[in-house]
Amino acid sequence: MASRHQLGEPVVVVEGVEKSFGSFSVLRDVSLTVRRGETVCIIGPSGSGKSTLLRCINGLVPISKGSIKLAGREVNDAKLDKLALRRDVGIVFQQYNLFPHKTALQNVMMAPIHVLKQDKAEVEERARKLLAKVGLSQKLATYPGELSGGQQQRVAIARSLAMNPKVMLFDEVTAALDPETKKEVLVTIQDLAAEGMTCILVTHEMGFAREVADHVYFTDGGVIVEHGSPAEVFGNPREERTKGFLDKVL
Ligand SMILES: Nc1ncnc2c1ncn2[C@@H]1O[C@H](COP(=O)(O)OP(=O)(O)O)[C@@H](O)[C@H]1O
Ligand SMILES: [Mg+2]
């Protein structure tokens with residue numbers, strides 16, 4: 001993927017980040033840079049701090065030390081407009097949390113109308129396009145309960161995209177899906193990445209990470225153990241911990 005589009009300026013710059021919950025240290029000296037158009041995958045064992053890192057990047061979790069800049073602005077600056085941050089960083093979780101009493105189209109339209117106060121007709125036009133993009137043109141009026149897990153997850157992705165974010169964070173979004181629907185969600189993400197959306201993906205799908213990532217980070221125990229191109233990290237890992245993890249999951 002790396003050569004398919006030109007990488008731009010840094011969108012997310014994480015420097016020397018530490019995060020503790022009480023006396024429990026979850027992230028230690030974590031640094032990473034993601035450029036516009038880049039797809040970064042974060043892999044590593046459960047409990048290594050991957051979700052916490054994503055939550056720090058979109059300001060859901062305050063950091064204990066270090067700096068996180070989003071499009072040049074410090075995420076943890078108390079003066080930062082939190083609404084602007086929410087708009088700039090889309091995040092999709094394993095649990096899609098759609099509103100059950102709203103249709104797919106209404107779910108995608110909610111935040112732009114109620115949070116950003118955008119014009120309803122314009123929002124609707126965009127929402128229809130986004131649902132078409134994720135392959136759900138036929139499901140505009142369908143309620144979440146009548147959609148498969150993969151379809152719900154694609155609505156959740158469209159809902160995030162409706163805020164027109166600068167970067168999309170995906171936290172194990174296919175972990176709860178069965179194999180067939182997993183595939184359609186992965187293809188959706190792959191299309192987004194190919195179009196040049198800046199993406200940070202936490203995933204256990206190693207084949208997918210290897211295929212879509214421009215850069216891969218391996219985390220364990222709250223530190224970045226190593227990072228590099230997919231060919232480097234998957235094909236020729238330098239660290240024993242990386243080798244041990246890949247031996248288990250590949
Ligand atoms: N709000 C919290 N309070 C206390 N401990 C937490 C909290 N969130 C996460 N942790 C702990 O931090 C560690 C890293 O968690 P997490 O970021 O979810 O890892 P991963 O996503 O890599 O599985 C785990 O040991 C987890 O129990
Ligand atoms: Mg996690």
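The values are calculated or read from the model by the stated rules, or taken from the named source; none is laboratory data. The shown structure was predicted, so the numbers you read here are calculated from the model rather than taken from an experiment. Virtual Cβ from ideal backbone geometry, glycine too; neighbours counted across all protein chains shown. We work out accessible area using only protein heavy atoms, side chains counted, and drop any ligands, DNA or RNA first. Shrake-Rupley method; radii C 1.70, N 1.55, O 1.52, S 1.80 Å.
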Which of the residues spanning the stretch 97-122 are touching a residue at least 24 places away in the same chain (Cβ under 8 Å) and among the polar types (S, T, N, Q)? 97, 103, 107
Looking only at the stretch 1-59, how many residues end up being surrounded by fewer than 18 Cβ atoms within 10 Å (Cβ to Cβ), closer than 22 Å to residue 168 by Cβ, at pLDDT 95 or above and of a type in the set (Ser, Thr, Tyr)? 2
So in the stretch 213-222, with the set limited to residues that are within 16 Å of ligand 2 (Cβ to nearest atom) and at negative phi, which one is farthest from the chain's Cα centre (by Cα)? 220
Residue ID - farthest from residue 51 (Cα to Cα), chosen from residues in the stretch 94-119 that are open to solvent by 70 Å² or more (accessible area, probe 1.4 Å) and under 21 Å from the mean Cα position of the chain (by Cα): 99
Would you pick out the residues in the stretch 34-51 that are among the hydroxyl-bearing types (Ser, Thr, Tyr), within 12 Å of the chain's Cα centre (by Cα) and near ligand 1 (Cβ under 8 Å from one of its atoms)? 51
So is residue 180 at pLDDT below 95 and open to solvent by 40 Å² or more (accessible area, probe 1.4 Å) or not? yes
Name the pairs whose Cβ atoms lie under 7 Å apart, with the first residue in the stretch 226-240 and surrounded by 18 or more Cβ atoms within 10 Å (Cβ to Cβ), the second in a loop (DSSP other than H, G, I, E, B), and 6 or more positions between them or separate chains? 230/213
Selection within the stretch 206-225 - crowded, with 21+ Cβ neighbours inside 10 Å and in a loop (DSSP other than H, G, I, E, B): 213, 214, 222
Filter the stretch 185-197 for residues that are in a helix (DSSP H, G or I) and of a type outside the set (Ser, Thr, Tyr) and give the result. 185, 186, 187, 189, 190, 191, 192, 193, 194
